[in-house]
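J.: Before anything else, here's the structure in question.
The values are calculated or read from the model by the stated rules, or taken from the named source; none is laboratory data. Note that the structure is predicted; figures quoted are calculated from it, not measured. Cβ placement follows ideal geometry from the backbone for every residue including glycine, while neighbour counts extend to all protein chains displayed. Heavy atoms of the whole protein, side chains included, go into the accessibility calculation; ligands, DNA and RNA do not. Shrake-Rupley method; radii C 1.70, N 1.55, O 1.52, S 1.80 Å.
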Amino acid sequence: MNINTKIIYNGSNKAIINAVEILKRDINTVFDASDADGGEIKLIETRLTEEQFEIKDGNIYASDELGFIYGLLHISKTTLGIPPFWFWYDYKIKPMSSAEIADYKSTPARIRFRGWFLNDEILLTHWTPNGDALLPWKMAFEAILRCGGNMVIPDTQITREHSALASSYGLWLTHHHAEPLGADMFVKAYPDLAPSYQMYADKFQKLWEDRIESQKDFKVIWDLGFRGQGDTPFWNSDKNSEYDTDEKRGKLISDIIKLQYDMLHKKIHDPVCCTYLYGETMELYKKGCISLPEDIIKIFADNGYGKMVSRRIGMNNPRTIALPDKNDSQYGIYYHVSYCDLQSCSHITEVGMSLDFITRELENAFDRGADDYLIVNCSNIRPHVFMLAAISELWRGEKFNAYEFAKTYFNDERAADAFLDYAKAAVSFGEHEDEMAGDHFYNFSVRAFISDIMKNKTHSVHMKWATGDIPITAQLNWFYEKCAEGEKNYDVFLKKHTHNLGKLYDATIILHGRLHYHGYKGGALFTRACGELMNKNYINAYYLTGLASEEFETANRILRESEYGVWQGFYENECFADFKFTAYMLKNFMFYIRNLADGPGFWHWPRELFYDDCNKRVWLQMNHDNRDTDDVLFEKMKKRGYKNEN
């Protein structure tokens with residue numbers, strides 16, 4: 001095989017043609033110019049099982065679309081040396097003059113349907129590398145296939161553009177659990193009507209029928225179900241008192257799923273169907289209030305933190321086991337390596353749970369019979385590559401080797417030690433091994449405390465999920481202990497693992513450690529400021545708040561400085577953890593404190609801080625200077641060497 005190798009495919013399948021073009025691109029990238037004959041790679045149809053391929057004498061044998069696609073990408077990986085996350089992890093492709101294609105016969109993956117959910121994709125939607133808004137999606141779909149995946153939820157607002165693009169890569173499409181059949185939400189289609197199925201059943205059904213029709217030419221795993229207008233129970237949207245018991249709610253969901261099931265079978269031959277047992281639906285299913293057609297894949301979900309139990313909703317955290325009781329049907333998993341709960345999760349940083357923990361949870365779920373379907377919430381991919389790589393080996397039925405991963409992408413096994421040690425630094429916010437805080441924890445908590453303090457709350461209602469219903473002073477003490485622990489843990493992590501391993505290392509696992517370090521340090525400074533505020537030491541509180549704001553500004557700065565090359569602008573729309581807005585709220589909190597102590601005149605603090613003793617007590621109408629903004633005042637305090645004595 002060399003740059004002159006020809007790929008011979010005589011068919012018209014668009015997805016196979018796309019995969020051929022990918023391998024041609026890789027050939028042109030890897031091989032040096034040559035006059036030598038490169039031979040031919042022929043795609044030959046033969047009898048093999050679903051998705052299977054065989055490479056023999058340089059040719060690819062398969063019986064279906066994905067078999068040929070996997071065969072082409074196998075040559076890209078094993079012969080040309082291009083790994084699955086080459087784009088997402090800046091892999092430096094090694095040039096060569098020629099190579100030999102080894103014979104190989106694939107074995108079935110452990111999980112039948114397996115892929116990614118591009119959920120909370122706030123970065124991908126605003127990032128246009130090289131001016132191409134579709135490039136992130138193309139690279140995402142290619143990476144799924146290179147990982148041996150065959151399924152995708154293209155984004156949270158299913159668009160025909162992304163659905164058709166994903167289909168052109170040969171992937172199965174499936175749907176967000178809040179968007180059954182991928183249909184538009186009722187309130188989007190009918191913004192002036194109450195979203196009541198009892199009142200407008202015909203309109204709901206029309207939305208479902210239209211979406212079935214628009215996707216009938218794609219390979220689809222059809223999600224059936226009925227939820228509210230968003231990621232909520234339907235009874236939050238439809239206040240009809242008729243659905244006031246678990247039995248009534250379960251019956252409506254069951255009836256609608258059966259209706260959707262029948263609608264599909266009228267239009268699609270032998271459709272593949274699934275339903276998410278997620279949140280309220282899982283609780284109803286466990287209580288026996290929901291009945292489902294036997295051939296639907298029933299999907300259990302983790303709690304957002306990798307544990308196969310029901311998720312926390314506000315103060316309610318029952319942790320009901322989210323796994324099948326017996327292996328008597330088709331079951332699957334919805335799993336998170338990225339999560340957004342606006343409380344304590346990880347979104348732009350690696351999760352705080354260990355590789356061993358996640359491996360155990362998934363292996364246990366597979367052994368319990370949840371092995372027909374695995375959709376992994378990967379949000380924006382790049383921050384979560386390590387865990388995505390590990391899970392892709394598990395869904396194949398293989399074992400993940402962190403040191404091989406490190407050698408591939410970082411050319412140094414020390415990177416593996418950093419990824420493995422990273423979980424040891426995580427701060428626990430609860431009593432369970434999965435309850436590890438991420439980048440939302442210190443950002444959300446600081447913003448919640450500021451909001452509640454400025455509203456004169458004696459208890460932070462937004463922090464009750466973590467601390468219980470205790471006074472805000474006790475809540476702040478609890479938060480301070482967590483922040484002090486996090487600041488220390490990530491300082492140790494960074495000192496141990498800061499090596500000269502290149503831009504990628506600094507822009508991934510080290511970036512994540514640095515974000516946590518500054519976030520926790522900022523959180524600790526903020527809680528100290530609140531203590532000073534409550535003791536009416538206002539200037540100290542003001543100054544500490546300014547220092548806290550600087551820590552979050554630093555975190556945002558290093559986040560944006562991690563953008564280079566194709567990654568310019570990647571974090572521009574980072575609005576979930578949102579370090580920059582936390583810094584902004586802290587700046588506003590500074591003025592809140594200043595106003596309490598020095599408003600409305602705002603003359604006393606400058607005199608107290610900057611006037612000499614013989615002038616600060618002299619008050620005449622005309623002996624004032626311009627009032628400083630908070631930025632100017634804070635900078636003057638730093639330059640004058642202001643010290644917080646407490």
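J.: Roughly how many Å² of Lys216 are accessible to a 1.4 Å probe, to the nearest 10?
T.: My reading of the accessible area for Lys216 is about 100 Å².
J.: Right, another one. Which length gain, in nm to one decimal place, applies between Trp603 and Glu161 when the Cα-Cα distance is subtracted from 0.36 nm times their residue separation?
T.: Answer, rounded to one decimal: 153.2 nm.
J.: Right, something else. Please go through the residue pairs Lys587/Lys636; Lys287/Lys464; Lys203/Lys251; Lys6/Lys407; Lys424/Lys496 and name each one whose alpha carbons sit more than 22 Å apart in this structure.
T.: Flagged as over cut-off: Lys287/Lys464; Lys6/Lys407.
J.: So how many Å³ per residue does the convex hull of the Cα atoms of the stretch 197-336 work out to?
T.: Per-residue hull volume (Cα only) is 121 Å³.
J.: Something else about it: Under a 1.4 angstrom probe, counting protein chains only, how are Lys482, Lys188 ranked by accessible area, largest first?
T.: Correct descending sequence by accessible area is Lys188, Lys482.
J.: Right, next: Show me the three semi-axes of the equivalent ellipsoid for the stretch 517-578, from the C-alpha gyration tensor (sqrt of 5 times each eigenvalue), largest first, rounded to whole Å.
T.: Ellipsoid semi-axes (Å, largest first): 31, 9, 8.
J.: Continuing with this model, one more query. May I ask which residue of Thr349, Phe634, Ile509 lies farthest towards the positive end of the charge dipole of the chain, with charges of +1 (Lys, Arg) and -1 (Asp, Glu) on Cβ and the Cα centre as origin?
T.: It is Phe634.
J.: Once amide H atoms are built 1.01 Å from N in the peptide plane, which residues 5 or more positions from Ala322, or in another chain, come under 5 Å H to H?
T.: Val309, Ser310
J.: Between Trp172 and residues 5 or more places away or on another chain, which pairs have amide H atoms under 5 Å apart, with H built 1.01 Å from N, and which residues are they?
T.: Placed amide hydrogens put Met151, Val152 under 5 Å from Trp172.
J.: If one puts a single equal scatterer on every Cα of the stretch 292-358 and applies the Debye formula without solvent, what log₁₀ I(q)/I(0) results at q = 0.13, 0.14, 0.26 Å⁻¹?
T.: Evaluating at q = 0.13, 0.14, 0.26 Å⁻¹ gives log10 I(q)/I(0) of -0.43, -0.50, -1.18.
J.: For a quick check of understanding: with a 1.4 angstrom probe and all protein chains in place, what accessible area in square angstrom does Phe441 have, to the nearest ten?
T.: It works out to around 0 Å².
J.: Which is farthest toward the positive dipole end of the chain among Phe449, Gln568, Leu596, measuring Cα position about the Cα centre, with Cβ charges +1 (Lys, Arg) and -1 (Asp, Glu)?
T.: Leu596
J.: Could I ask something else about it? In µm²/s, what is D for the stretch 330-448 at 10 °C and 1.306 mPa s, where D = kT/(6 pi eta Rh) by Stokes-Einstein and Rh is the Kirkwood radius from Cα pairs?
T.: Rounded, D is 105 µm²/s.
J.: Still on this structure, please answer the following. Which ³J(HN,Hα) values in Hz, rounded to whole numbers, follow from the phi angles of the stretch 145-151 under the Karplus curve 6.51 cos²θ - 1.76 cosθ + 1.60, where θ = phi - 60° and Gly and Pro get x?
T.: 5, 5, 7, x, x, 9, 8
J.: Farthest toward the dipole's positive end in the chain, which of Leu259, Gly71, Ser460, given Cβ charges of +1 (Lys, Arg) and -1 (Asp, Glu) about the Cα centre?
T.: Ser460
J.: What is the gain in length, in nm to one decimal, between Asn316 and Lys94 on full extension, counting 0.36 nm per residue of separation less the C-alpha to C-alpha distance?
T.: 74.7 nm
J.: With θ set to phi - 60°, apply the Karplus curve 6.51 cos²θ - 1.76 cosθ + 1.60 along the stretch 525-538 and write out the HN-Hα couplings as whole Hz, x wherever there is a Gly or Pro.
T.: Using θ = phi - 60°, the values come out as 4, 4, 5, 5, 4, 5, x, 5, 4, 5, 8, 6, 8, 5 Hz.
J.: Show the residues, 5+ positions off or on another chain, whose built amide H is closer than 5 Å to the amide H of Ile333.
T.: When sequence neighbours closer than 5 places are left aside, the close amide H contacts are Phe300, Tyr373, Leu374, Ile375.
J.: Just how large is the dipole of the chain about the Cα centre, in debye to the nearest 20, putting +1 at every Lys and Arg Cβ and -1 at every Asp and Glu Cβ?
T.: 1220 debye
J.: Let me ask you something else. How do His440, His432, His518 stack up against each other in accessible area, from largest to smallest, with a 1.4 angstrom probe?
T.: From most accessible down to least: His432, His518, His440.
J.: Can you tell me which aspartates and glutamates have their Cα less than 17 Å from the Cα of Lys14? Leave out same-chain residues fewer than eight positions away.
T.: Partners within reach: Glu45, Glu51, Asp64, Glu65, Glu142, Glu161, Asp217.
J.: What dipole magnitude, in Debye to the nearest 20, does the stretch 256-307 give about its Cα centre under +1 on Lys/Arg Cβ and -1 on Asp/Glu Cβ?
T.: Once rounded to the nearest 20, the dipole reads 80 debye.
J.: Further question: Using the beta-carbon distance between Asn4 and Thr49 and R0 = 56 Å, what value does 1/(1 + (r/R0)^6) give for FRET efficiency, to the nearest 0.05?
T.: 0.95
J.: Suppose the chain between Leu259 and Asp328 were pulled fully straight at 0.36 nm per residue; how much longer would it get relative to their current alpha carbon spacing?
T.: 22.5 nm
J.: Classify the stretch 7-67: rounded, prolate or oblate, from the alpha-carbon gyration tensor (a ≥ b ≥ c, eigenvalue square roots; a/c under 1.5 rounded; otherwise prolate if a/b is larger than b/c)?
T.: It comes out prolate by the Cα gyration axes.
J.: Going Cα to Cα from Lys267, which lysines come in below 16 Å? Please leave out same-chain ones fewer than 8 positions away.
T.: Lys206, Lys216, Lys219, Lys258
J.: Ok, one more. With a ≥ b ≥ c taken as the square roots of the eigenvalues of the C-alpha gyration tensor of the chain, please select rounded if a/c is under 1.5 and otherwise prolate if a/b is larger than b/c or oblate if it is not?
T.: Oblate, because a/c is 1.5 or more while a/b does not exceed b/c.
J.: From the phi angles alone, apply the Karplus equation (6.51, -1.76, 1.60; θ = phi - 60°) to the stretch 183-189 and give each ³J(HN,Hα) in whole Hz, x where the residue is Gly or Pro.
T.: Per-residue couplings from phi come out as 6, 4, 5, 4, 5, 6, 6 Hz.
J.: Another one. In debye, nearest 20: dipole of the stretch 371-457 around its Cα centre with unit charges on the Cβ of K, R (+) and D, E (-)?
T.: With only Lys, Arg, Asp and Glu charged at Cβ, the dipole is about 520 debye.
J.: Could you give log10 I(q)/I(0) at q = 0.19, 0.24 Å⁻¹ for the stretch 454-569, computed by the Debye formula over C-alpha point scatterers of equal weight, without solvent?
T.: Relative scattering, expressed as log10 I(q)/I(0), comes to -1.01, -1.28.
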